[in-house]
Amino acid sequence: MDKITEKEFQKHLESEHQRFSISGYLKEIVYGGSDGIVTTFAVVAGFTGAQSGLLSQYPVFIVLIFGFANLFADAVSMGLGNVLSIMADKDVYKAERDKELYEIRNNPEFERMETIYILKKRGFSEDAAKKIAELYSENENYWADFMMRFELEMPTPELENSLVTGLTTFSSFVLFGFIPLIPYVLATEGDKFLVSVIFTFIALALLGALRWKVTTEKLWRTVSETVLLGGIAASIAYFVGTLFK
């Protein structure tokens with residue numbers, strides 16, 4: 001096998017880092033967009049099902065008012081919720097990691113025994129586990145990271161940017177959540193609700209494809225699950241709306 005040059009290695013690292021970054025934000029796009037579509041379409045479906053009296057005179061106006069109010073309020077709520085969630089995860093992770101560092105510095109023999117036990121459970125022999133534990137003891141920060149991941153089973157949130165993640169969720173929610181409102185904004189001729197249904201179906205299918213890209217599950221499964229769950233939520237909203245006729 002040809003020897004890998006430093007330039008090729010750096011290019012590989014950059015490619016892997018870029019792939020990881022896109023994958024992380026793609027997750028926020030999928031779940032933020034899914035909630036946006038379903039939530040906004042629920043408003044459209046609910047008002048369509050309830051059209052009578054005053055609603056029948058101003059259906060487009062009412063759908064747009066409540067649709068946009070709901071769209072931006074929920075988008076802000078989801079974005080801020082994501083920011084606060086990541087910040088809380090970081091606080092908890094830091095507190096637990098500080099405990100692990102304290103134990104490593106004050107009771108290293110016990111931590112070494114725990115490390116050997118964990119490694120043996122993961123298939124290493126007694127001798128190999130002892131050698132690895134000995135190597136870990138030379139780098140307490142890496143040792144603490146290992147214990148956080150394999151003893152406490154807490155993945156690190158330290159690389160997550162809470163502001164960027166929150167903004168991505170907000171933007172995805174608004175962008176995809178706007179799709180069911182397009183026929184009403186453009187004042188298209190014909191059955192606006194039917195056009196909204198078609199637009200929503202296409203948007204959910206695209207989100208299902210994005211979910212497939214993130215999870216690497218089967219394409220037909222991710223698309224069908226996303227469309228099915230979104231359709232159920234919309235159907236319930238429409239049914240509830242008909243109760244107010």
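The values are calculated or read from the model by the stated rules, or taken from the named source; none is laboratory data. This one's a predicted model, so the numbers in the text were calculated from it and none came from an experiment. Every residue, glycine as well, gets a Cβ built from its backbone with ideal geometry; the counts of neighbours run over all protein chains shown.
Miscellaneous remarks
- Residue match in the range 201-221 (condition: polar (S, T, N, Q), part of a helix (DSSP H, G or I) and touching a residue at least 40 places away in the same chain (Cβ under 8 Å)): no
- In the set A73, A129, A95, only one residue is surrounded by 18 or more Cβ atoms within 10 Å (Cβ to Cβ) and among the small types (G, A, S); that residue is A129.
- Some residue of the range 19-42 being part of a helix (DSSP H, G or I), surrounded by fewer than 13 Cβ atoms within 10 Å (Cβ to Cβ), of a type in the set (D, E, K, R) and at pLDDT below 85: yes
- Test result for F193, in contact (Cβ under 8 Å) with a residue 40 or more places away in the chain, surrounded by 14 or more Cβ atoms within 10 Å (Cβ to Cβ) and either assigned to a loop (DSSP other than H, G, I, E, B) or of a type in the set (F, W, Y) (or both): yes
- Selection of the range 196-222 for residues being surrounded by fewer than 18 Cβ atoms within 10 Å (Cβ to Cβ) and not hydrophobic (A, V, I, L, M, F, W, C) yields K213, T215, T216, E217, K218, R221.
- Pair list, Cβ under 9 Å, 6 or more apart: the range 104-124 residue on the phi < 0 side of the Ramachandran plot and among the β-branched types (V, I, T), other residue outside any loop (DSSP other than H, G, I, E, B) and loosely packed, with under 13 Cβ neighbours inside 10 Å: I116/E126
- Of the residues making up the range 175-190, those that are part of a helix (DSSP H, G or I) and over 15 Å from the mean Cα position of the chain (by Cα) number 9.
- Residue within the range 140-158 that is among the aliphatic types (A, V, I, L, M) and loosely packed, with under 12 Cβ neighbours inside 10 Å present: no
- Annotation: E158 fulfils all but one of (1) in a helix (DSSP H, G or I); (2) touching a Lys or Arg at 6+ places or on another chain (Cβ under 7 Å); the unmet one is (1).
- Single unsatisfied condition, R122 versus (1) under 26 Å from V92 (Cβ atoms); (2) at pLDDT 90 or above: (2)
- Qualifying residue in the range 148-165 (condition: polar (S, T, N, Q) and in contact with an Asp or Glu (Cβ under 6 Å, 6 or more places away or on another chain)): yes
- Residues of the range 193-222 satisfying the condition of being among the β-branched types (V, I, T) and at pLDDT below 85: V214, T215, T216, T222
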